[in-house]
Amino acid sequence: MKLTIVVACIVAATAGLATAQTPQRPAAAAPQAGAAQGNAETGKKLFVSDGCYQCHGYEAQGSSATGPRLGPRPIAFAAFSRYVRQPTGQMPPYTAKVVSDADLANIYAYVQSRPEPAKDIPLLKP
């Protein structure tokens with residue numbers, strides 16, 4: 001019982017430190033000029049239902065075996081949109097008939113909202 005209380009206190013204290021010491025996300029993560037405004041929650045659902053996660057992972061982290069990392073700091077929306085519509089390599093094209101411009105903006109908002117990789121969080125570094 002005492003161990004549980006001690007662990008809970010350590011977790012609570014660490015959470016407070018993480019908030020205090022975690023650097024702010026870079027300005028690049030803010031909505032970019034000219035980017036369509038989207039909804040990250042809707043984008044998350046579309047990211048899964050449209051199958052983006054199959055190659056890019058649920059957190060848009062990517063894999064050298066399946067597809068590149070998309071987040072947390074994606075390329076500019078115009079370049080993102082252009083590539084999704086007319087990709088090179090093995091990615092299938094997602095035309096406006098398949099993914100509307102509004103849905104693409106939502107997916108982009110989701111990709112932008114992804115957290116920084118754990119290796120970039122100071123408290124998680126060895």
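The values are calculated or read from the model by the stated rules, or taken from the named source; none is laboratory data. What you see is a predicted model, and the numbers here were worked out from it, not measured in a lab. Here the Cβ is made from the backbone with ideal geometry for all residues, glycine too, and neighbour counts use every protein chain on show.
The requirement of being at pLDDT 95 or above and surrounded by fewer than 20 Cβ atoms within 10 Å (Cβ to Cβ) is not satisfied by GLN90. Entry remark, the range 51-97: residues being in contact (Cβ under 8 Å) with a residue 24 or more places away in the chain and not charged (D, E, K, R) number 16 in total. Taken over the range 64-83, the residue count meeting the criterion of being surrounded by fewer than 20 Cβ atoms within 10 Å (Cβ to Cβ) and either modelled with pLDDT of 90 or more or touching a His at 6+ places or on another chain (Cβ under 7 Å) (or both) is 11.
Filtered by the rule that a residue be closer than 15 Å to VAL111 by Cα and basic (Lys, Arg), the range 73-90 gives a lone residue, ARG73. Would you say GLU59 is of a type in the set (Asp, Glu), within 16 Å of TYR108 (Cβ to Cβ) and either touching a Lys or Arg at 6+ places or on another chain (Cβ under 8 Å) or modelled with pLDDT under 90 (or both)? Here the answer is yes, as GLU59 does meet what is asked.
When we screen ALA79, ALA60, ALA65, ALA96 for residues that are assigned to a helix (DSSP H, G or I) and among the aliphatic types (A, V, I, L, M), the only hit is ALA79. Tell me yes or no: at least one residue of the range 108-118 is buried (at least 20 other Cβ atoms within 10 Å of the Cβ), at pLDDT 95 or above and of a type outside the set (A, V, I, L, M). Yes: the range 108-118 contains one or more residues that are buried (at least 20 other Cβ atoms within 10 Å of the Cβ), at pLDDT 95 or above and of a type outside the set (A, V, I, L, M).
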